[in-house]
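Notes follow the structure.
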Amino acid sequence: MKAIIMAGGEGSRLRPLTCNRPKPMVPVLNRPVMAYCIDLLKQHGVTEIGVTLQYLPQAIKEHFGDGSDYGVRLHYFVEDRPLGTAGSVKNAGEFLDETFVVISGDALTDLNLVQAIEFHRARGAIGTLVLTRVDCPLEYGVVITGQEGQIVRFLEKPGWSEVFSDTVNTGIYVLEPEVLDYFAPGRKFDFSQDLFPLLLREKKPLFGLVLSGYWCDIGNLQQYLQAQYDALSGKVQLAIPGVETEPGVWVGDNVALDPAVAIQGPVLIGDHSQVDRGARLEPFSVIGSGCLIQAGASVKRSVLWDRVFVGRNAALRGAVLCSRVQIQANAGVYEGAVVGSDSVIRERGTLKPEVKLWPHKLVDMGVTVHESLVWGTHTRKTVFGAEGVIGLANLEITPEFAARVASAFGSTMKGGRIAVSSDAFPASAMLKQAVVSGLQSAGAVVAVLGRGTLPVHRFAVRALKCAGGVHVQFSTREPDKVIMVFTNPEGGNITRAQERKIENLLARGDFARVDAGRITEAEFVPAITEAYLQNLMREVNRDTLRDAGLTLVLAYDEASLGPYVPVLARELGLEVQNVAGLQDARQPRGWNEYQEELPLLARTVTERRASGGAVLDANGEHLILIDDRGRIVQDDLLTALIALYTLKTRGGPVVVPVSTSQAVETLADRYRGRVVRVKTAPREFVDAVLKQDISQFFLHFDALAALVRILSLVAEQKTTLSQLVDEIPEIYLAKKEIPVSWQAKGRLIRKLIENENPGELELTDGVKVFHRQGWALVLPDPDKPVCRVFSEGASMEIAEELTNMYVDKINTIVNNKE
């Protein structure tokens, strides 16, 4: 039996740990993590090992040599350029003339490889994937297997709405050499994204085996620290170097340990280190080789690489210090901070939590560092939410942070102008300026649109043929928070893949900074408001609307929508009254406040015999209608009305989220149209609508455009808003939100799928189950530890029963840990 260790990884998310060393050489308990892979293979009888290399290959060759020090034979295969996981293994094809094991050189594990090999042979498999179960499957390839272990389905790095299991691919495989015949040499080819889907399509015997044991993919700094803690606490079976001098305390060779040192295990002290009198080594600390820790210093839950100096009374808490770092007297480095090799923190210097210092940096005496010295970092694991980047204005979303995110966004762009805008509020305008600066620093050409709504921004990006854009606005759902919305050339939200690139750049803190001579002045683009209004009015019959003489009672934010509503009213002959009342010039009214006033607004419409009424949120995205009889048209009923408008004016297809009522299908049948159901998340819904029919984009995501177009239909057909609403079948929808921890979401979705009849399932978004008199949809929230249940029935009673039934199912699964 032979094996391949994939050791070509650059480890970009681990920087600055990997600034000058390949990822497999990052130490865990003072040994390169790849050393534990070699130990595991040897333990299971595999001694002929190929190693694929790409990034800094010489470092690995020099350390491991021919493998004789580890009792194995190593053969190296270097890629001139990245070939992907499968491509790198094929590069070693001349070595692989029998069944072989593939393992990542940067994963820490004690899984039983013999068990996987025996399973592979017993099944006659062409390939066997070693699987494990994790709490949060978003960063891994998710897998479903049949009863005999055959692989049924898998998806690489899903979003929460796509998660169908908590069983994931470990990147450990048992393979036959023939799998490498399915693609050409020198071609970039990936196991999970290319080869395994190809083998499934070819109906080759591809199996998966879930193994118990420890497995950690050391993909980021948090996982790196956790691997150290797990190894020290015995969660993973490996040999800890050194001698256990007392329970939980391992000491290497030639260590000078003063008897008065206070030690609380588990702790590892590397060879040739010195710890002076009065120092404290507290639990989960790893001290590398040749370190000096002086009197009064304290180290807790920290990892020190080789030859680190810690001065008198210095404090380390949950930090990582790379090789040859100096922490001088009375300095402090705190939770999640990382200090790159050969850096110096002088006396009384402080690194605040999560700060990253790249190699060869100096923090001067008494200086407190609040953010990375190499272009910043961000403490949140995931920066983007469902709508964009959201946080408390000037607390979480500060100008500094906004500039860093903008720099990262600019670093991902390949030329073209980037449009920047904000709503009408001062805090948003402040952050917009920071965004402009951040983009310029990355070399982007910036078109400043000024103040406006998000629909205006989306229109401008398309009209100006920009490469993308950033719009800053207050959230009307959470009025103390701002949202940074990032758009693509079509005006839709950027993809999750691009969001990941931005997040990775922020995590590494090494995004582009161009030479000062390449920074261009931001260009202000005038008359965007006028262009938007003209475009909106081109879509309706002005004369017909003027002749209709419609009267409207509206509630809208004057600061945000004042430049638009009066102009439209004047041009289209609408008599409009704004009843929104007093407004704050510093931030918008919350959407909930408008909801509370709906009964009063509806009464005002009927008392004044108006043609209708509407509530428009400050961002110009959300709309609630009130018909001439005072009925409130929002949420599902509004979606159905928009579908009716589309069917009457364009004939379809109608694009709606999967959570929409079946009433839309009834309308489509009546008008011989077609319904396209898509994911509910704003980004996916926006993109789907833009691809299908840009006209529907305005109806769903531009409140003013939707209002004007529906009023135009009323005028053209000489009907009333209430008569249009009467055409919509009765809708009986129930909704509930249930707390579900992040750790339980993957298991919940897997169990729901396993427990339902496959013929009744739809997995477009979440898990949708069809019943005889209705359906239920369980949808994990991407931003919060909750799941939502949507149900529709032939009556409200049935809808509520279905909702309650699935709430009970969710609670049963979540509370049962098996």
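The values are calculated or read from the model by the stated rules, or taken from the named source; none is laboratory data. For clarity, every value in this text was computed on a predicted model and none was experimentally measured. Don't worry about glycine lacking a Cβ; one is built from the backbone with ideal geometry, like all the others, and counts go over all protein chains shown. Keep in mind that these areas ignore ligands, DNA and RNA; they rest on the heavy atoms of the full protein, side chains included. Shrake-Rupley method; radii C 1.70, N 1.55, O 1.52, S 1.80 Å.
Out of the residues in the range 767-809 meeting the condition of being among the charged types (D, E, K, R) and within 23 Å of Ile144 (Cα to Cα), tell me which one is most open to solvent (accessible area, probe 1.4 Å). Here the residue is Lys809. Just one of the listed residues (Val267, Val286) is at pLDDT 95 or above, within 30 Å of Leu211 (Cβ to Cβ), β-branched (Val, Ile, Thr) and crowded, with 17+ Cβ neighbours inside 10 Å, and it is Val286. Among all positions in the range 520-534, there is no residue which is within 20 Å of the chain's Cα centre (by Cα), open to solvent by 40 Å² or more (accessible area, probe 1.4 Å) and β-branched (Val, Ile, Thr). Of the set (1) at pLDDT 90 or above; (2) under 30 Å from Ala429 (Cα atoms), all apply to Ser611 but (2). Of the residues making up the range 62-73, those that are in contact with a strand residue (DSSP E or B) (Cβ under 9 Å, 6 or more places away or on another chain) and open to solvent by 70 Å² or more (accessible area, probe 1.4 Å) are His63, Asp66, Ser68, Arg73.
Of all the listed residues (Tyr55, Tyr76), the sole one being among the aromatic types (Phe, Trp, Tyr), within 30 Å of Ser372 (Cα to Cα) and open to solvent by 20 Å² or more (accessible area, probe 1.4 Å) is Tyr55. Could we say that Arg280 is open to solvent by 10 Å² or more (accessible area, probe 1.4 Å), within 22 Å of Arg348 (Cα to Cα), touching a strand residue (DSSP E or B) at 6+ places or on another chain (Cβ under 8 Å) and of a type outside the set (Asp, Glu) here? The answer is yes for Arg280. Applying the criterion of being outside any loop (DSSP other than H, G, I, E, B) and crowded, with 24+ Cβ neighbours inside 10 Å to the residues of the range 289-309, the residue that is modelled with the lowest pLDDT is Ile293. Considering (1) closer than 22 Å to Gly450 by Cβ; (2) open to solvent by less than 30 Å² (accessible area, probe 1.4 Å); (3) of a type in the set (A, V, I, L, M); (4) at pLDDT below 95, the lone condition that Ala559 does not fulfil carries the number (2). Applying the set (1) buried (at least 23 other Cβ atoms within 10 Å of the Cβ); (2) among the hydroxyl-bearing types (Ser, Thr, Tyr); (3) outside any loop (DSSP other than H, G, I, E, B) to Thr660 leaves exactly one unmet item: (3).
Take Asp515 and tell me if it is under 30 Å from Val338 (Cα atoms) and free of Cβ contacts under 8 Å to residues at least 24 places away in the same chain. For Asp515, the condition - under 30 Å from Val338 (Cα atoms) and free of Cβ contacts under 8 Å to residues at least 24 places away in the same chain - is met.
Do we find a residue being open to solvent by 30 Å² or more (accessible area, probe 1.4 Å) and among the hydrophobic types (A, V, I, L, M, F, W, C) anywhere in the range 631-643? Within the range 631-643 (the criterion being open to solvent by 30 Å² or more (accessible area, probe 1.4 Å) and among the hydrophobic types (A, V, I, L, M, F, W, C)), the answer is yes, since at least one residue qualifies. In the condition set (1) out of contact with any strand residue (DSSP E or B) (no Cβ under 9 Å at 6 or more places or on another chain); (2) modelled with pLDDT of 95 or more, Thr382 is compliant with all but (2). When the range 590-609 is filtered for residues that are buried (at least 22 other Cβ atoms within 10 Å of the Cβ) and not in a helix (DSSP H, G or I), nothing remains.
Residue-level check: of (1) of a type outside the set (Lys, Arg); (2) open to solvent by 60 Å² or more (accessible area, probe 1.4 Å); (3) more than 23 Å from Asp190 (Cα to Cα), Glu98 misses just (3).
The rows are residues; the columns are (1) of a type in the set (S, T, N, Q); (2) assigned to a loop (DSSP other than H, G, I, E, B).
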{"residue": "Cys19", "(1), (2)": "no, yes"}
{"residue": "Ile49", "(1), (2)": "no, no"}
{"residue": "Asp97", "(1), (2)": "no, yes"}
{"residue": "Val101", "(1), (2)": "no, no"}
{"residue": "Ala116", "(1), (2)": "no, no"}
{"residue": "Thr132", "(1), (2)": "yes, no"}
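Here Lys679, Lys691, Lys648 are screened, and the one residue that is of a type in the set (D, E, K, R), at pLDDT 90 or above and either more than 31 Å from the chain's Cα centre (by Cα) or open to solvent by 30 Å² or more (accessible area, probe 1.4 Å) (or both) is Lys648. Search the range 311-331 for residues being assigned to a strand (DSSP E or B) and at pLDDT below 95, and hand back the single one that is surrounded by the fewest Cβ atoms within 10 Å (Cβ to Cβ). Result: Gln326.
The C-beta contact set for the range 702-719 (first residue modelled with pLDDT under 95, second residue surrounded by fewer than 19 Cβ atoms within 10 Å (Cβ to Cβ) and among the basic types (Lys, Arg), distance under 6 angstrom, 6+ apart or interchain) is empty. Which of the residues belonging to the range 716-743 are closer than 21 Å to Ala663 by Cα, surrounded by 13 or more Cβ atoms within 10 Å (Cβ to Cβ) and of a type in the set (Asp, Glu)? The one that is closer than 21 Å to Ala663 by Cα, surrounded by 13 or more Cβ atoms within 10 Å (Cβ to Cβ) and of a type in the set (Asp, Glu): Glu727.
Can you name the residue in the range 744-766 that is within 18 Å of Arg788 (Cβ to Cβ) and free of Cβ contacts under 8 Å to residues at least 40 places away in the same chain and, of all such residues, is surrounded by the fewest Cβ atoms within 10 Å (Cβ to Cβ)? Applying the filter and picking the extreme gives Leu761. Quick check, is Asp97 farther than 17 Å from Val168 by Cβ and of a type outside the set (Val, Ile, Thr)? The answer is yes for Asp97. Candidates in the range 435-485 are the residues that are among the hydroxyl-bearing types (Ser, Thr, Tyr) and over 15 Å from Ala527 (Cα atoms); of these, the one that is surrounded by the most Cβ atoms within 10 Å (Cβ to Cβ) is Thr476. Screening the range 496-519 for residues that are at pLDDT 90 or above and in contact with a helix residue (DSSP H, G or I) (Cβ under 7 Å, 6 or more places away or on another chain) and picking the one that is farthest from Val420 (Cα to Cα) gives Lys501. Is it the case, given these coordinates, that Ala548 is more than 33 Å from the chain's Cα centre (by Cα), surrounded by 15 or more Cβ atoms within 10 Å (Cβ to Cβ) and in contact (Cβ under 8 Å) with a residue 60 or more places away in the chain? So Ala548 fits the description; yes. Return yes when Ile738 is in a strand (DSSP E or B) and either touching a residue at least 40 places away in the same chain (Cβ under 8 Å) or under 25 Å from Val152 (Cα atoms) (or both) and no when it is not. It is true that Ile738 is in a strand (DSSP E or B) and either touching a residue at least 40 places away in the same chain (Cβ under 8 Å) or under 25 Å from Val152 (Cα atoms) (or both).
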